[in-house]
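Take a look at the structure below.
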Amino acid sequence: MNKIELLKIKEKALEDHIPIIMDDTLEVVSNILKEKEPQRILEIGTAVGYSAICFSEYLQEGGKIDTIEREIDRIVQAKQNIKKVQVEEKINIYEGDAVEILPTLKESYDVVFIDAAKGKYPFFLNEAMRMIKVDGVIIADNVLYKGYVMSDYNKHKQRTAVRNLREYIAKITQNPNLETEILEVGDGLAISKVKNLSKV
Ligand code: SAH
Ligand code: MG
């Protein structure tokens, strides 16, 4: 991977106010990926491809990332960026709304990274649980949402997002098949390890 190109991609994204993964969050996720050496990763929310490009370094030989994005400008940029660092064969972009695309996917994944519309996190979790492998990890970014999620703040125009993030956290902490940790890195990172998928 060309680190200088990667740095340029990151700098341009920050300049354009694209909410790419924060450095401390990336470090935590990278450590998980290093340990897991995943074959298949699913990402919800590609933006301009920065996180997917970073994650692609930790794939097993022949491994692949599927990533979903609905904004056409970002898809175009993501494709250009992926080409610049020559990881085209490792990253597949599904173009469209994840709410429509996820139910059509039939694969299993070692890691699912949720980083898109906060109001849809409970739905994304259901889809992730359907496709995650035993011993897989479901990681969700921005779960603390600038502190709104853990405060009594509920008069904001973002209250639907806050309510759904709270529901997401309740689900991952209460599900006996998940072992969850919530870290105060970046905008809040939830890491849920899948223990067993015994359907009750
Ligand atoms: N993972 C990226 C950042 C993603 S930002 C990185 O760290 O580099 C969130 C992205 O999710 C935005 O580009 C937004 O357009 C996209 N998004 C939000 N809701 C979506 C949905 N329902 N379907 C597909 N993409 C969505
Ligand atoms: Mg994010």
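The values are calculated or read from the model by the stated rules, or taken from the named source; none is laboratory data. As the structure is a computational prediction, the values presented were derived from the model and not from experiment. Glycine gets a Cβ as well: all are built from the backbone with ideal geometry, and neighbour counts include every protein chain shown. Protein only, heavy atoms only, side chains kept; ligands, DNA and RNA dropped before computing areas. Shrake-Rupley method; radii C 1.70, N 1.55, O 1.52, S 1.80 Å.
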| note | The residue that is most open to solvent (accessible area, probe 1.4 Å), considering only those in region 151-200 that are at pLDDT below 90 and of a type in the set (Gly, Ala, Ser), is Ser198
| task | Mind listing whichever residues of region 19-53 are more than 16 Å from Lys84 (Cβ to Cβ) and β-branched (Val, Ile, Thr)? | result | Ile21, Thr25, Val28, Val29, Ile32, Ile41, Ile44
| query | Among the residues of region 1-22, is there at least one that is under 17 Å from Asp110 (Cβ atoms), β-branched (Val, Ile, Thr) and more than 8 Å from ligand 1 (Cβ to nearest atom)? | reply | no
| query | Of Val76, Val48, which residue is farther than 16 Å from Val194 by Cα and near ligand 1 (Cβ under 9 Å from one of its atoms)? | reply | Val48
| request: Any residue in region 92-115 that's in contact (Cβ under 8 Å) with a residue 60 or more places away in the chain: show its pairings with residues that are of a type in the set (Phe, Trp, Tyr) at Cβ separation under 9 Å, as long as the two are six or more apart or on different chains. | output: Leu105/Tyr94; Val111/Phe55; Val112/Phe124; Phe113/Phe55; Ile114/Tyr121; Ile114/Phe124; Ile114/Tyr168
| message | Here is a list: Ile20, Ile53. Which entry is under 27 Å from Glu184 (Cα atoms), out of contact with any strand residue (DSSP E or B) (no Cβ under 8 Å at 6 or more places or on another chain), open to solvent by less than 60 Å² (accessible area, probe 1.4 Å) and in contact (Cβ under 8 Å) with a residue 24 or more places away in the chain? | response | Ile20
| message | For a quick check of your reading of the model, give me the residue pairs whose first member lies in region 133-145 and is away from ligand 2 (no atom under 16 Å from the Cβ), whose second is modelled with pLDDT under 95, with beta-carbon atoms closer than 6 Å and at least 6 apart or on different chains. | response | Val134/Leu197
